[in-house]
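Report on the following structure.
The values are calculated or read from the model by the stated rules, or taken from the named source; none is laboratory data. Small disclaimer: the values here were computed from a predicted structure and weren't measured. Methodologically, a virtual Cβ is constructed for each residue, glycine included, from the backbone with ideal geometry; neighbour enumeration extends over all protein chains shown. What goes into the accessible areas is simple: the full protein's heavy atoms, side chains included, and nothing from ligands, DNA or RNA. Shrake-Rupley method; radii C 1.70, N 1.55, O 1.52, S 1.80 Å.
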Amino acid sequence: CAAAAEVTGIRAGTPIVAGMTDGCAAQLGAGRLTPGSWNSVLGTTLLLKGVTREPLRDPYGVVYSHRAPDDVWLPGGASSTGAGAISRDVPG
């Protein structure tokens with residue numbers, strides 16, 4: 001829209017595309033989009049993500065839900081026990 005173009009300096013009509021977190025991208029790449037399925041990814045962090053029809057609500061904020069294609073949600077959590085911690089604690 002013209003107002004957004006004026007504020008940002010981005011020419012009106014320029015496509016704007018959103019990305020996603022590495023954990024969500026890995027889950028989509030693994031083909032895990034069926035409600036009830038789960039996926040684990042070990043990278044800098046350790047991620048566990050599932051697929052639900054509704055977002056999961058965690059009163060402590062440990063589990064969070066990302067919106068995914070096909071009207072599903074990707075609830076999950078991350079831990080600092082991935083390769084980043086391993087390479088820090090076990091040099092070389």
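Share of the chain's accessible area from carbon and sulfur, percent, 1.4 Å? Mind dumping the intermediate values first?
Numbers: 3820 of 6500 Å².
For the chain, the apolar C and S fraction of the accessible surface comes to 59 percent.
Any idea of the accessible area per residue across the chain, 1.4 Å probe, to the nearest Å²?
For the chain, the solvent-accessible area averages 71 Å² per residue.
Per residue of the range 10-22, in order, report the coupling 6.51 cos²θ - 1.76 cosθ + 1.60 (Karplus, θ = phi - 60°) as ³J(HN,Hα) in whole Hz, putting x for Gly and Pro.
Ordered by residue, 3J(HN,Hα) equals 8, 4, 4, x, 5, x, 10, 10, 8, x, 8, 5, 4 Hz.
Where does the chain land at 222 nm, in deg cm²/dmol rounded to the nearest 500, when only DSSP H runs of n ≥ 4 count, each adding -39500 (n - 2.57), divided by all residues?
Value at 222 nm, helices only: -6000 deg cm²/dmol.
Going by amide H atoms built from the backbone, whose H comes under 5 Å of the H on residue 43, apart from near neighbours?
For residue 43, the qualifying residues are 83.
Compute the signed sum of charges (Lys and Arg +1, Asp and Glu -1) over the other residues within less than 10 Å, Cβ to Cβ, of residue 38. Walk me through the numbers before you get to the answer.
Working: positive: 32, 49; negative: none.
Summing Lys and Arg as +1 and Asp and Glu as -1 gives +2.
At 7 Å along Cα-to-Cβ for each site, give me the label-to-label distance between residue 85 and residue 5 in nm.
4.9
What Rg and what Dmax come out for the range 8-72 when only alpha-carbon atoms are used, in angstroms?
So, for the range 8-72, Rg and Dmax equal 14.7, 43 Å respectively.
How large is ³J(HN,Hα) for each residue in the range 68-76, as worked out from phi by the Karplus curve 6.51 cos²θ - 1.76 cosθ + 1.60 (θ = phi - 60°), to whole Hz, x for Gly and Pro?
10, x, 6, 6, 10, 10, 10, x, x
By per-residue mean of other Cβ atoms within 10 Å, what is the highest-first order of 85-91, 61-67, 72-78, 20-26?
72-78, 20-26, 61-67, 85-91
For the range 36-45, in order, what is each residue's ³J(HN,Hα) by Karplus, 6.51 cos²θ - 1.76 cosθ + 1.60 with θ = phi - 60°, in whole Hz (x at glycine and Pro)?
Going residue by residue, I get x, 7, 9, 9, 10, 10, 10, x, 4, 10 Hz, with x marking Gly and Pro.
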